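Trainee: Would you mind keeping the following structure in view while I ask a few things?
The values are calculated or read from the model by the stated rules, or taken from the named source; none is laboratory data. The shown structure was predicted, so the numbers you read here are calculated from the model rather than taken from an experiment. Glycine gets a Cβ as well: all are built from the backbone with ideal geometry, and neighbour counts include every protein chain shown. Side chains included, ligands, DNA and RNA excluded: accessible areas come from the protein's heavy atoms. Shrake-Rupley method; radii C 1.70, N 1.55, O 1.52, S 1.80 Å.
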Amino acid sequence: MNQKSSKAHEWLRNLQANGYRATNTRRAVVETLANSQHALSPLEIYEICRSQHKRMGLVTVYRTVEKLEELGLVQRVHQPSGCQAFISAAEGHQHLLICQSCGKVTFFNGENEAMESLMKKVSLQSGYQIESHWLQLFGQCANCRDQT
Ligand SMILES: [Zn+2]
Ligand SMILES: [Zn+2]
């Protein structure tokens, strides 16, 4: 079993352990998201899955994605357009880079000194005690840059 399908397998086990039955349509949603390197909106997931599952419903997509988010397996990506999309959650403290052309998501480690000293500086200047932050960077990935 390759790494990709084992991730979907892991998610399904996790869902089942939380009382969520793995129907064919839910399984398709899980596999689509687990194997994607791109942030996908519920509508995009629905369209991908529907090609193989005629009985796929948008409600199933929403519910499954919500459940995966609740379990910390996927994370929400807020896009400048206001649309929301989902991607596999990163392990540890990671920040997101999102390509605005192709939607590819890359993570970079958020635990570094530059970030910490920036937070300290902002805290000192503002008087805030900063407890958490949410950082997503938008732009063009290396592939898309090559094409323009
Ligand atoms: Zn791109
Ligand atoms: Zn961070």
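Trainee: Look at Gln75 and say whether it is free of Cβ contacts under 8 Å to residues at least 60 places away in the same chain and in a loop (DSSP other than H, G, I, E, B).
Mentor: So Gln75 fails the test.
Trainee: Could you check region 78-114 and list, in sequence order, the residues that are open to solvent by less than 60 Å² (accessible area, probe 1.4 Å), in a loop (DSSP other than H, G, I, E, B) and either touching a Pro at 6+ places or on another chain (Cβ under 6 Å) or under 19 Å from Lys7 (Cα atoms) (or both)?
Mentor: Selection gives Ala89, Ala90.
Trainee: OK, next. Does region 44-57 contain any residue that is in a strand (DSSP E or B), surrounded by 16 or more Cβ atoms within 10 Å (Cβ to Cβ), more than 15 Å from ligand 1 (Cβ to nearest atom) and of a type in the set (Phe, Trp, Tyr)?
Mentor: no
Trainee: Which one is nearest to ligand 2 (Cβ to nearest atom) among residues in region 127-148 that are in a loop (DSSP other than H, G, I, E, B) and hydrophobic (A, V, I, L, M, F, W, C)?
Mentor: Leu135
Trainee: When the residues of region 120-141 are filtered to those that are exposed (fewer than 10 other Cβ atoms within 10 Å of the Cβ) and closer than 22 Å to Leu97 by Cβ, which remaining residue is farthest from ligand 1 (Cβ to nearest atom)?
Mentor: Ranking the candidates gives Ser132 first.
Trainee: Next question, about the same structure. Quick one: which of Leu12, Leu33, Leu68 is touching an Asp or Glu at 6+ places or on another chain (Cβ under 9 Å), part of a helix (DSSP H, G or I) and outside the structural domain of Leu135 (by TED's automatic domain parsing)?
Mentor: One residue alone meets the criteria, Leu12.
Trainee: So, in region 101-114, of the ones that are within 20 Å of Leu33 (Cβ to Cβ) and not charged (D, E, K, R), which residue ends up farthest from ligand 1 (Cβ to nearest atom)?
Mentor: Taking the candidates together, the pick is Phe107.
Trainee: Another one. Look at Tyr62 and say whether it is modelled with pLDDT of 95 or more, assigned to a loop (DSSP other than H, G, I, E, B) and either open to solvent by 50 Å² or more (accessible area, probe 1.4 Å) or closer than 25 Å to Gln16 by Cα (or both).
Mentor: no
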